[in-house]
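The values are calculated or read from the model by the stated rules, or taken from the named source; none is laboratory data. Model, not experiment: these values are computed from the prediction. Cβ coordinates were reconstructed from backbone atoms using ideal geometry, including for glycine residues, and neighbour counts include every protein chain displayed. The area values use the complete protein model at the heavy-atom level, side chains included, leaving out ligands, DNA and RNA. Shrake-Rupley method; radii C 1.70, N 1.55, O 1.52, S 1.80 Å.
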Amino acid sequence: MGHGKTSYVCLSCRVSFKQPYDPTRQRICPRCAAPMIHAGSAFAAPRRRDIAAWRTLTVLFNAGVGFHKSCCGGPGYRPRTLREVRERMTHARRSGQPSATALTR
């Protein structure tokens, strides 16, 4: 099915695993048994103890933003701090832009 490896993330355990991509299979966290999020092949996990970075990722994933490679190689801009997330979300509210769009520009 899949071609290459992609990252799957458990936000509550703050872990990421590279596995072959298979859209027909739901990945389950080996630590807590919760469904994992398909993060994309360009995802680089922060350290487990970097709670602020994981909070930022939680906002991104809940808004539908992933880390999939584009034609230019990487996923493009992604906020790295909660402050950047707040700024982008404020911009989305003021401009009427969808959250996922504002978070990636």
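Between Arg105 and Arg93, what length comes free when the chain is fully extended (0.36 nm per residue of separation minus the Cα-Cα distance, one decimal in nm)?
In short, 2.9 nm is gained.
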Q: Enumerate the calculated ³J(HN,Hα) couplings along segment 20-25 in order (Karplus 6.51 cos²θ - 1.76 cosθ + 1.60, θ = phi - 60°), each rounded to whole Hz, writing x wherever the residue is Gly or Pro.
A: x, 6, 8, x, 8, 10
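Report the net charge of residues surrounding Thr104, where surrounding means a beta-carbon distance below 15 angstrom and charges are Lys +1, Arg +1, Asp -1, Glu -1.
Every neighbour counted, the sum reads +3.
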Q | Where Arg55, Arg80 fall by accessible area, highest first, once all protein chains stay in place (1.4 Å) | A | Arg80, Arg55
**Q.** Whole-Hz couplings from phi, Karplus 6.51/-1.76/1.60, listed for segment 50-65; x for Gly and Pro
**A.** 7, 4, 4, 5, 5, 5, 4, 4, 4, 4, 4, 5, 5, 8, x, 8
**Q.** Nonlocal amide H pairs with Ala39, under 5 Å, H built at 1.01 Å
**A.** Ser7, Tyr8, Val9
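So between Ser12 and Asn62, what do we pick up on full extension, going 0.36 nm a residue minus the alpha carbon distance?
Details: separation 50, 0.36 × 50 = 18.00 nm, distance 1.29 nm.
The span from Ser12 to Asn62 would gain 16.7 nm if fully extended.
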Q) Simple spin-label model, 7 Å along Cα-to-Cβ: Ala34 to Gln19 in nm? A) 1.6
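Per DSSP H run of at least 4 residues, take -39500 (n - 2.57); add these up for the chain, divide by its residues and hand me the 222 nm value, nearest 500 deg cm²/dmol. Working shown, then result.
Details: 3 runs with 31 residues, N = 105.
Rounded to the nearest 500, it is -9000 deg cm²/dmol.
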